[in-house]
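What follows is one structure encoded as structure tokens, with my remarks underneath.
Just so you know, all these numbers are worked out from the coordinates, no wet-lab data involved. These figures come from a predicted structure and were not determined experimentally. Heads up, the Cβs are rebuilt from the backbone with ideal geometry, glycines too, and the neighbour counts pull from every protein chain shown.
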Amino acid sequence: MTPWLDCSPAALLLSLEVAGVVLVLFLVAGIALGYALSQPIPFRNLLDALVSLPLVFPPIAIGFFLLMLLGRHGAVGGPLHERFGWDLVFSFPGLVLAAFVAGLPLVVKPIQSAIEGSARELIEVSYTLGKGRLATLFLVVIPVIRRHIAAGLTLGIGRSFGEVGITLMLGGNILGSTETLSLAIYNQVLDGDFACATRLSILLGILSLGLFLILRRLGRL
């Protein structure tokens, strides 16, 4: 096995799996929320505050509150465990949720700003011509702001790759199970294996840069 992966091969695969799922979630939820927040909907300010919370609130604190909410004894996690046997924390879905929550505002905000700016007049024209909100979203908004969507996805996935605080709480940092690439770097530093931590850090940087180039190219199509 190549020395770049011999210290924590499972962490790389797990991070890629999480990123793949989160990318799909970002694409759907990011566009939907960005579009919704650009419209005069009820409770818009509250929704905007909830989406933006990870930008200003410490990730470890967000992870703690989610752990209390979704754990086996939490208001949401308790009933899910008792009725269906579902355990969200310390599992793959917990890692996905952590990455999703951390990166969501970085996806939503560029999309929201683009809609409120360059796409607003086109949206009004579309409404005037009798198009509904859903048709306007797919036929007008998405084609016009595709570069901003690509930029938001790049920021969101990059943030999810580097997420540690929320992931520690929801994933538990279980070796071979919920240890992502970022947590593997953290663990190697704690173990004093700086050579392995260096290799993993470079690998993480290469992955992030490669994703940036791919999404940037897609945004130009």
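Worth a mention:
- Those residues of the stretch 107-158 which are part of a loop (DSSP other than H, G, I, E, B), of a type in the set (A, V, I, L, M) and loosely packed, with under 13 Cβ neighbours inside 10 Å, in sequence order: LEU129
- Of the residues LEU14, LEU33, LEU55, the single one that is touching a residue at least 24 places away in the same chain (Cβ under 8 Å), more than 25 Å from GLU116 (Cβ to Cβ) and not acidic (Asp, Glu) is LEU14.
- The set of residues in the stretch 124-148 that are of a type in the set (D, E, K, R) and more than 22 Å from the chain's Cα centre (by Cα) comprises GLU124, LYS131, ARG133.
- Residues of the stretch 30-52 satisfying the condition of being buried (at least 18 other Cβ atoms within 10 Å of the Cβ) and of a type in the set (A, V, I, L, M): ILE31, LEU33, ALA36, LEU37, VAL51
- Exactly one residue out of LEU50, LEU66, LEU97 is without any contact (Cβ under 8 Å) to a residue 12 or more places away in the chain, under 16 Å from the mean Cα position of the chain (by Cα) and not in a loop (DSSP other than H, G, I, E, B): that is LEU50.
- Residue tally, condition within 30 Å of ALA150 (Cα to Cα), assigned to a helix (DSSP H, G or I) and touching a helix residue (DSSP H, G or I) at 6+ places or on another chain (Cβ under 7 Å), over the stretch 69-94: 1
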